[in-house]
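K.L.:
One structure coming up, written as structure tokens, with questions to follow.
The values are calculated or read from the model by the stated rules, or taken from the named source; none is laboratory data. It should be emphasised that the depicted structure is a prediction, and the values quoted were computed from it without experimental measurement. Cβ sites come from the backbone with ideal geometry, for glycine too, and all protein chains shown count toward neighbours.
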């Protein structure tokens, strides 16, 4: 009888059939900054110790919140926003697509429960990391500073018992070939 049982992987169905283990994190209402057009990436990354079963995200800031599943995907194509050195430090080409979604601004962190529903979204999704950046920009308000362009989030993740190390990297390409389209 073997004692080296195989660990659960990303397609281990029973891991997704039970209630998730809670993982909660939050930022302040201005922690998530807008992309910097001077070459710095100001992306907020949350890494999970285990693969998620579902995510609930609430925008608690006064600016829209971009959410994506890769650092490259969170940037606009053809813009002056630049990726980190990890991605060559260059702007995302114009022929690529937007690989993020936007949660509308709440305008305040003190919302009534009914008002906050339109700023809270739940996703039944498997991932091991998620990326955030403010969707506000100087184009919206020329007098704005980085501090006024920030936003924030509250995140509740339902975790499985599948270690994050057993889950593939979600990326738009691996070694120059398409991998997970729509990720970036």
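K.L.:
Would you mind stating whether residue 39 is in contact with a strand residue (DSSP E or B) (Cβ under 6 Å, 6 or more places away or on another chain), at pLDDT below 85, surrounded by fewer than 16 Cβ atoms within 10 Å (Cβ to Cβ) and farther than 23 Å from residue 160 by Cα?
P.N.:
yes
K.L.:
Here's a follow-up. Does the range 11-23 include one or more residues that are surrounded by 13 or more Cβ atoms within 10 Å (Cβ to Cβ), assigned to a strand (DSSP E or B) and modelled with pLDDT of 90 or more?
P.N.:
Yes, that holds for at least one residue.
K.L.:
Just the residues that are over 24 Å from residue 162 (Cα atoms) and within 13 Å of the chain's Cα centre (by Cα), please, taken from the range 44-63.
P.N.:
58, 59
K.L.:
Moving to a separate point now. So, in the range 116-137, of the ones that are modelled with pLDDT of 80 or more and part of a loop (DSSP other than H, G, I, E, B), which residue ends up farthest from the chain's Cα centre (by Cα)?
P.N.:
Top of the filtered list is 136.
K.L.:
Can you tell me how many residues within the range 42-82 are at pLDDT 90 or above, closer than 25 Å to residue 169 by Cβ and part of a strand (DSSP E or B)?
P.N.:
Total meeting the criteria: 16.
K.L.:
Say we look at the range 138-172 and pick out the residues that are in a loop (DSSP other than H, G, I, E, B) and buried (at least 17 other Cβ atoms within 10 Å of the Cβ); which of these is modelled with the highest pLDDT?
P.N.:
In this case the residue turns out to be 152.
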